[in-house]
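Down below is the structure, laid out as structure tokens.
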Amino acid sequence: MTHDHLTPGSLIELARSAQMVPVVAEDREEFGRALILQGYAPERAAHMAAVGILDNDGALQMLARHRLRYSSQVQA
């Protein structure tokens, strides 16, 4: 499937085929940083990043996927 022309249907197909990836502390740190940039208070962002967001959260999974993709490109 090409990603040049994403449609609602193709996005649904991608979402349904997605597998969970492991989330590590580095992902949660980046998530906390993003929350602060979105205007959350540092204390609230730290709590949400540490314990308030489950590993199956879409944004957290996206960060983990990016980390995995980037780390595999760096090693190659």
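Note on the range 1-40: residues that are in a helix (DSSP H, G or I), closer than 17 Å to residue 51 by Cβ and not acidic (Asp, Glu) amount to 8. Might you check whether a residue that is among the hydroxyl-bearing types (Ser, Thr, Tyr) and either touching a residue at least 60 places away in the same chain (Cβ under 8 Å) or surrounded by 10 or more Cβ atoms within 10 Å (Cβ to Cβ) (or both) occurs anywhere in the range 55-70? Yes: the range 55-70 contains one or more residues that are among the hydroxyl-bearing types (Ser, Thr, Tyr) and either touching a residue at least 60 places away in the same chain (Cβ under 8 Å) or surrounded by 10 or more Cβ atoms within 10 Å (Cβ to Cβ) (or both). Within the range 53-67, one or more residues are in a helix (DSSP H, G or I) and either in contact with a His (Cβ under 6 Å, 6 or more places away or on another chain) or among the polar types (S, T, N, Q) (or both).
Across the range 9-39, what is the total count of residues that are open to solvent by less than 100 Å² (accessible area, probe 1.4 Å) and free of Cβ contacts under 8 Å to residues at least 40 places away in the same chain? Summing the residues that are open to solvent by less than 100 Å² (accessible area, probe 1.4 Å) and free of Cβ contacts under 8 Å to residues at least 40 places away in the same chain in the range 9-39 gives 16.
The values are calculated or read from the model by the stated rules, or taken from the named source; none is laboratory data. What you see is a predicted model; the values in this text were computed from it and never measured. In this analysis, Cβ positions are derived from the backbone assuming ideal geometry, glycine residues included, and neighbour counts consider all displayed protein chains. We work out accessible area using only protein heavy atoms, side chains counted, and drop any ligands, DNA or RNA first. Shrake-Rupley method; radii C 1.70, N 1.55, O 1.52, S 1.80 Å.
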